[in-house]
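For reference, the structure discussed in these notes is given below.
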Amino acid sequence: MAFLPRALPLLLLAVVCIQLSGVLADGRDRCWCLKSLKKRVPREEIEEFSIFPRRSKCDTVEIILTLKPVNKSTEVLQRCLSPETKQGNNLQTCWNNKNTNNTPTFKISNCFGKP
């Protein structure tokens, strides 16, 4: 009987740790793009892009564009592009064919050369 009072706090701690690990893991799987652009972004405005495949908590492919700074600004602007657009399809094709090192971001110039 003396074992039960000592084991109960350890059991509760284990349950809390398991719950916390689930919460932390959910953050990486959720969708980042709540709204995606349906129109083309001029490629001279795009610095690089990332493509995230479907995940357990996000059932769509996400394309995140990092835009070039405007007027020597240091602010980094990112926009989501719909993967169903023609530009989205072209970027996915480039990503699949040329991103052989599986880098998290890919320069737009690697796909289409310098504009």
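The values are calculated or read from the model by the stated rules, or taken from the named source; none is laboratory data. Quantities reported herein were computed from a predicted structural model and do not represent experimental measurements. FYI the Cβ positions are ideal-geometry reconstructions off the backbone, even for glycines, and counts take in every protein chain you see. SASA here: full protein model, heavy atoms, side chains in, ligands and nucleic acids out. Shrake-Rupley method; radii C 1.70, N 1.55, O 1.52, S 1.80 Å.
Structure values in brief
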read-out: Estimated distance in nm for a label pair at Lys107 and Arg40, the labels positioned 7 Å out from Cα along Cα-to-Cβ; value: 2.4 nm
read-out: Environment charge at Thr66 (Cβ cut-off 12 Å; Lys +1, Arg +1, Asp -1, Glu -1); value: -1
read-out: Heavy-atom accessible surface of the stretch 25-115: percent carbon and sulfur, 1.4 Å; value: 49 percent
read-out: Protection proxy ranking of 49-60, 91-102 - average other beta-carbon atoms within 10 Å, highest first; value: 49-60, 91-102
read-out: Inter-probe distance in nm under a simple model that places probes 7 Å from Cα toward Cβ, at Lys68 and Thr93; value: 2.4 nm
read-out: Exceeding the 24 Å Cα-Cα cut-off - candidates Lys38/Lys68; Lys35/Lys86; Lys38/Lys72; Lys72/Lys98; Lys38/Lys107; Lys35/Lys57; value: Lys38/Lys72; Lys72/Lys98
read-out: Per-peptide average of other Cβ atoms within 10 Å, ordering 62-72, 35-45 highest first; value: 62-72, 35-45
